[in-house]
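The values are calculated or read from the model by the stated rules, or taken from the named source; none is laboratory data. If you're wondering where the values come from, they're calculated on a predicted model, not measured in any experiment. Heads up, the Cβs are rebuilt from the backbone with ideal geometry, glycines too, and the neighbour counts pull from every protein chain shown. Accessible surface is based on the protein model in full, side chains and every heavy atom, while ligands, DNA and RNA are left aside. Shrake-Rupley method; radii C 1.70, N 1.55, O 1.52, S 1.80 Å.
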Amino acid sequence: MFVLVSLVATHAQAEVFALPPQGVDIVGRIRVVQARHDDTLLDIARRHGIGQDEIVAANPTVDRWLPGEGTAVILPTRHILPDAPREGIVVNLPEMRLYYYPKPGPAETPTVITHPVSVGRMDWATPLGLTRIVRKQKDPAWHPPASIRAEAEANGSPLPARVPPGPDNPLGQHALRLNLPGYLIHGTNRPYGVGMRVTHGCMRMYPEDIESLFSQVKVNTPVRLVNQPVKAAMLADSLFIEVNAPLDELPMSEAEAMAVAEKAIERAAGMGYPGLARQQAQAVIAEHSGTPEVISRRVQP
């Protein structure tokens, strides 16, 4: 079901959801907004906490640069949680989305907060695995590694050994350093690249998103970097799958994606689920829109 909402926010608003019980891994709902006359899809994406590739995939027939006043734009704001412990930070690289599970107080409802991120290009891939935050920096200076300086030199845009804090600093105003030398979660001075594979391996966030996350996380917060292009979840009697384009350096054929989908469905729905709707699943895999889609409904006896 789509819900039509108005556009009022100027910048991204964090998506905060009550954490569903174990065994339920889907949050949010799909919404639809109407574009204003001066909007781009990128403007709409930032207002609603969505990345560039994410909103384009959800609206393949809408002009990225000039949607047109009154055009209905789908907001892909329903998500299947990654298959990972619900703690700390989880980043699903193919989805280019970060999930943060704050530790609730004694009387607080557990929540999950999600933000879009940019990740590394194919030739500068973001690593996978478990790490942690080892340092928080406000107004960080950037010391480009020798490899990045060599690339910039070859492209005719040499970099200094140190880029001080300020509007020209690509780290933005907030940085979370990981226990992976050279890798950070940070802001940006180029927000319209958020939600694309454009970095040298770091994870880049909208300035307002990293400011919010920076204020909440602590040093030693675990960070899991996962590769899950295909996810599945049950919600009531409906079986959903969500398919994102696989990482270029970890390609996946449609047959391989189908095999992954079947395992994810088994985890989500159990062996007793009556018959995988294979044709519907194959259509979702071929489309890889990044939006959870219903592929089957449990028939009540």
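Between rounded, prolate and oblate, where does segment 1-148 land on the alpha carbon gyration tensor, with a ≥ b ≥ c its root eigenvalues, rounded for a/c under 1.5, else prolate if a/b exceeds b/c? Verdict is oblate for segment 1-148. Sparsely packed loop sites in segment 184-227 (the trypsin sites (Lys or Arg not before Pro) outside DSSP H, G, I, E and B with at most 16 other Cβ atoms within 10 Å) comprise LYS218.
Scan segment 127-166 for trypsin sites (Lys or Arg not before Pro) in coil per DSSP, keeping those whose Cβ has at most 13 other Cβ atoms within 10 Å, and list them by number. When the trypsin sites (Lys or Arg not before Pro) of segment 127-166 are filtered for loop state and at most 13 Cβ neighbours within 10 Å, ARG162 remain.
Distance from the C-alpha centroid of segment 170-212 to that of segment 11-66: 19 Å, rounded to the whole angstrom. The loop-placed GluC sites (Glu not before Pro) in segment 85-115, going by DSSP, that have at most 12 neighbouring Cβ atoms within 10 Å of their Cβ come out as GLU108. By its C-alpha gyration tensor, with a ≥ b ≥ c as the square roots of the eigenvalues, how is segment 114-271 shaped: rounded for a/c under 1.5, else prolate for a/b larger than b/c, else oblate? Prolate is the answer for segment 114-271, as a/c is 1.5 or above and a/b outweighs b/c. Taken per residue, the accessible surface of the chain reaches 48 Å², heavy atoms only and a 1.4 Å probe.
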